[in-house]
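The values are calculated or read from the model by the stated rules, or taken from the named source; none is laboratory data. What you are looking at is a predicted structure, and each value in this text was computed from that prediction instead of being measured. Because the Cβ atoms are built from the backbone with ideal geometry, glycine has one as well, and the counts that use them run over all protein chains shown.
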Amino acid sequence: MLWEVVGESAAGKTQLALQLSLLVQIPPRLGGLLGSTCYLTTSSVLPTARLLNILDAHPLLSPSLCGLHDVHTMSCPTIPVLIHVLSGTLPQFVDSKLADPASKPVKLLVIDALGELFHTSDKTTTKTLVQRSKDIAEVSSLLHILSSKYKIAVLVLNEVVDAFDREPMEAHDNSVSYSDESRWFGRGDSIPGEDRKEASLGLVWANQINARIQLSRTSRRRYLQDSFAEKRLKLDDSGVAGASRLASSETDQATLIRRLSIIFSSVSSPASLDYIVGPAGISVLPDDHIPNIATQVSQRPWPAADPLVLPLSTQISPLDVGCIENGNVSVISENTGVDVVDGEPDLEWETSDNLPLDTTSSEL
């Protein structure tokens, strides 16, 4: 099964991938697969210091259960290199791990990030679009083969592009434009502003994946339950005179939250939830917690004249005809109570990344 996590910079895509790279190593009784990870990078190096940070902070992880020695990494800076690795190098490496009873088998493959391989300064022509479609089809075919043959979970990180609203065109043959169709499989719409970005690589890539999860930055801040209760008690004791000062303090201490949406999936219905990025990685906020929003972006109204435009939050995607009813996506949830500043999370921990790359496996 091919999983795609799509989102803008600083949404937490790499944080989630690193967290899963460690969680896959723990025993099944703790929710893991007792396996190892192959982490393929396209334009950066594996942030080993961030992996150690997650290992130290996450409540389910410990050095006795997992570590950097079971996160195998390799750089794939171009499409030909990626195809070569997926078709030859990686299968041989997976077979060698299966033949060695002392090592953990590969259970997770991460590509960080596929969309970056298709950046080009060349003029877009029919020829280049056809070649891109061929490359996407070949890469996805190799990923499906690896997933099916070795029972590996494949996680592909992808980028987003700006989504523009277009005036509905009159269609005399009842046809549906691509911009209307893409709302079903390219972007979320669970909160205001989430639909301003959509997944890159177009319909060709969307047809190759089994699940698409969108991570979004928001302008909202939420008071975590424990701290919010404490602030409420202080407000009751101080009276109305101190309300203004307390409200200002709460705004400063409110935790920045982000949004996760399942756009489509073959094993789950569409769903959305809030999360934060902390030292332990991605932490989901409880559904039963009533949000206290410090800042809210404005809602863009849908064109009333277009009957095809419907909110995704009230519809089941046409791509999910065969999805399992009442399916749930299992996400490790913990309340860390740690706020992360509104910036690029990768860069926040990158400054302390002084470990050499040979701390991870170099067998690939």
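Only one of (1) modelled with pLDDT under 80; (2) within 22 Å of residue 12 (Cα to Cα) fails for residue 255. Which number is that?
(1)
With a cut-off of at least 1 residues that are at pLDDT 95 or above and under 16 Å from the mean Cα position of the chain (by Cα), name the helices (runs of 4 or more DSSP H) lying wholly within the stretch 1-115. Full working, then the answer.
Values: elements: 13-23, 48-57, 79-84, 90-99.
Ranges flagged: 13-23.
Looking at the structure I just gave you, is residue 49 surrounded by fewer than 19 Cβ atoms within 10 Å (Cβ to Cβ) and in contact with a Leu (Cβ under 7 Å, 6 or more places away or on another chain)? Even if it seems obvious, please write down each step before you answer.
Values: surrounded by fewer than 19 Cβ atoms within 10 Å (Cβ to Cβ): yes; in contact with a Leu (Cβ under 7 Å, 6 or more places away or on another chain): yes.
Yes: the conditions hold for residue 49.
If I ask for residues that are buried (at least 20 other Cβ atoms within 10 Å of the Cβ) and either aromatic (Phe, Trp, Tyr) or at positive phi (or both), which ones from the stretch 15-46 would you list?
If the condition is that a residue be buried (at least 20 other Cβ atoms within 10 Å of the Cβ) and either aromatic (Phe, Trp, Tyr) or at positive phi (or both), then 39 is the only one that fits.
For the stretch 190-203, state whether one or more residues are at pLDDT 65 or above, in contact with a helix residue (DSSP H, G or I) (Cβ under 8 Å, 6 or more places away or on another chain) and surrounded by fewer than 20 Cβ atoms within 10 Å (Cβ to Cβ).
Yes, the stretch 190-203 has at least one match.
Considering the stretch 116-163 alone, what residues qualify as being touching a Ser or Thr at 6+ places or on another chain (Cβ under 7 Å), within 30 Å of residue 19 (Cα to Cα) and modelled with pLDDT under 90?
Scanning the stretch 116-163 gives 160, 161.
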